[in-house]
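Here's the structure we're looking at; comments come further down.
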Amino acid sequence: MKRHYVTADVFTDRMFGGNPLAVVLDAEGLTTAQMQAIALEFNYSETTFVLPPRDSAHTAEVRIFTPRTEVPFAGHPNVGTAFLLARESGYSAAALGGEFVFEEAAGLVPVRLLRDGAVVAGAELRAPESLWDAPWRAPEPRRRLI
């Protein structure tokens, strides 16, 4: 199974500083179990998996995994994923608009690209907007044991 991935150091201006991140840029077709196995293999604090968006108005669906579990949202994986996607040719048109919107388990995550002239130099995000009403990911019902 060949996949296109990139590793990056987030929140730093030097190699081997900041927060390490692995981003699998072509995760379509991977199962949750395969994503978890890949995240464990990288063994970084987080690994993101980029999938086509469920809603074409958004940039991508992004799933975030630690070596042990999937998490609904995390800051540096979103910043790093946006930065790397902005430099990928398939996302360059979206990057020109200056903002990505990621679909995540925690909700919609708007990420604004930061530029230094014509070069994408970073990204900043806002807290996720709820997806509870979205048709593609309804919340699990809460159950109480009595």
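The values are calculated or read from the model by the stated rules, or taken from the named source; none is laboratory data. This structure is a prediction, so every number in the text was calculated from the model and none was measured. Note that each Cβ is placed from the backbone with ideal geometry, even for glycine, and that neighbours are counted across all protein chains shown.
Does Arg63 qualify as being among the basic types (Lys, Arg) and assigned to a loop (DSSP other than H, G, I, E, B)?
Details: among the basic types (Lys, Arg): yes; assigned to a loop (DSSP other than H, G, I, E, B): no.
Considered against the rule, which asks whether it is among the basic types (Lys, Arg) and assigned to a loop (DSSP other than H, G, I, E, B), Arg63 comes out as no.
Where the second residue is of a type in the set (Ser, Thr, Tyr) and at pLDDT below 90 and the first is within 10 Å of Ala82 (Cβ to Cβ) and assigned to a strand (DSSP E or B) and lies in segment 98-110, which pairs have Cβ atoms under 8 Å and are six or more apart or on separate chains?
As it stands, the answer is Phe100/Tyr91, since those pairs meet every condition given.
Take segment 26-58 and flag every residue that is surrounded by 11 or more Cβ atoms within 10 Å (Cβ to Cβ), β-branched (Val, Ile, Thr) and outside any strand (DSSP E or B).
Thr32, Ile38, listed by residue number.
Is there any pair with a first residue in segment 1-25 that is surrounded by 14 or more Cβ atoms within 10 Å (Cβ to Cβ) and a second that is of a type in the set (S, T, N, Q) whose Cβ atoms are under 6 Å apart and which are 6 or more apart or on different chains, and what are they?
Pairs found: Val10/Asn19; Gly18/Thr12; Ala22/Thr7; Ala22/Thr47; Val23/Thr48; Val23/Thr81.
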